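Values in this text are rule-based calculations from the coordinates and carry no lab data. Please read these numbers as outputs of a predicted model, since none were measured by experiment. Virtual Cβ from ideal backbone geometry, glycine too; neighbours counted across all protein chains shown.
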Amino acid sequence: MHVRAQHCGQPPFQLLVRHGPHGSLTGCKMHQASFAGAAVWKPLLVLRRRRLEPAHNPVERAPSSPERAAWGCQISGLSAGDEASYPESNPGARGLEGFARRLSPAVFLRAEFFHPPQLFEMKPYDNKAWLLVLPALAIMTCVGILPLVAVTNYSFLDIFDLRNPTWVGVDWYRNIVISQRFYGSLGRSCLFSAMILSVQMPLGIWIALLLHRSNRYIVSTVLVLVTVPLVVPWNMIPVIWLNFINPGVGLAGRAMAWLNIGFDYKFTALHTWIVLIVMDTWHWLGLVVVLSYAGISSVPSSYYQAAAIDGASRWQIFRFIQLPKMQAVLSMALLLRFMDSFMIYIEAFRINAGGPDGATSFLSLDLGEDIQSFNYGPAAARSIVYFLIVMTVAWAFRTATSTRKPVAAELVG
């Protein structure tokens, strides 16, 4: 049933209702609530039935007709035995807590207010905490924003002579766009990133799933082992792997030589790509494993209990329970791994310097070549182009993976 209360010019109120032993209305009382309202305010209370344990039930005095007239309120359509839920976050409904405590043991009433949001005063906030962000903002300005502005400025200049830069406009950008070398390097960089993601993401999720079914000692040991390569400096990664595949001193090199496996990463493009992919996977697989395991560990046990009752298979549990819970961390891992693999430089340069015959010449190697040749203007333009490519892909990825939950507003009149 519905209870309608119309307030005319007086302070806002809350409505308290008590039921007698036979479920009949014996009295009600109006109190001022703790929220602010307008001159005319029409709250709507929707009541439904619900039974609870016995509770304290003090007797409330029914207001007399003069009192109701003084409040200027009209109450109609009230009946016993109905109950509704109201949101805990609704500040206007907080005063109804006393309303629930004063009901009979058999019947519990709660009310939900449907109101315009402008009827309530906003809580004042102190924005002084934003001052704590100033140090981080200053650091980001020095290491990020200012260098980006300087590089953007250099991309429009010919600065072979630093004392006499020459304005060239968009000539460097035009040369990059019409260059076949740029598109070749772009294709190789995209192919390398695609292969890295197709290997590391499924492998990391699979290892995390295995760890989820293992005991804590195995989990701790494996997590430590897979995260150790993350702390190795980047410039040492290719040195370690070059020694590892060396036929004279490396374990893998000697094993392949003993098995008569021909492996020549210097002059065979396929072997060079294999070395780069395996090396990058060894270096960064731990990041995917840790993030995936964290996402799986956040799934409540009640989900698995419900799946066991329904007879769900392992694939169904992964598809409908674990994978949705890992969506946020997997999106982070996917984006980080793409940006890092897309701009790979040290590993590719130290392994074969872009060879053989430019088979591993990525975008970052072309940029490094311009810098080493002191072509700072073309290098700056190339940096801005690469930056725009990465930002565009990151924005597209964020837009494609973002889920927007529609907000439904139900009005009852």
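The stretch 260-413 gives an Rg/Rh value of 1.15, both radii derived from C-alpha positions and Rh following Kirkwood.
Residues in the stretch 154-176, backbone N under 12 Å from the label point at Val390 (7 Å along the Cα-to-beta-carbon vector): list them, ranges by number please. Counting only backbone N, you get no residues.
The simple spin-label model puts a point 7 Å past each Cα toward its Cβ; for Thr399 and Arg174 those points are separated by 3.0 nm. Karplus-based coupling profile of the stretch 267-274, in residue order and whole Hz: 10, 10, 5, 4, 5, 5, 5, 4, with θ = phi - 60° in 6.51 cos²θ - 1.76 cosθ + 1.60 and x standing for Gly or Pro.
Here each label is just a point 7 Å from Cα along the line to Cβ, and for Asn246 and Ile139 those points are 3.8 nm apart.
For Asp158, the amide hydrogen comes within under 5 Å of the amide hydrogens of Thr166, Trp167, Val168, counting only partners 5 or more places away or on other chains and with H modelled in the peptide plane. Modelled spin-label separation between Gln305 and Ser220, with each label point placed 7 Å from Cα along the Cα-to-Cβ direction: 2.8 nm. Where the centre of each part is set by its Cα atoms, how far does the stretch 252-310 sit from the stretch 121-194, in angstrom? So the two Cα centres are separated by 33 Å.
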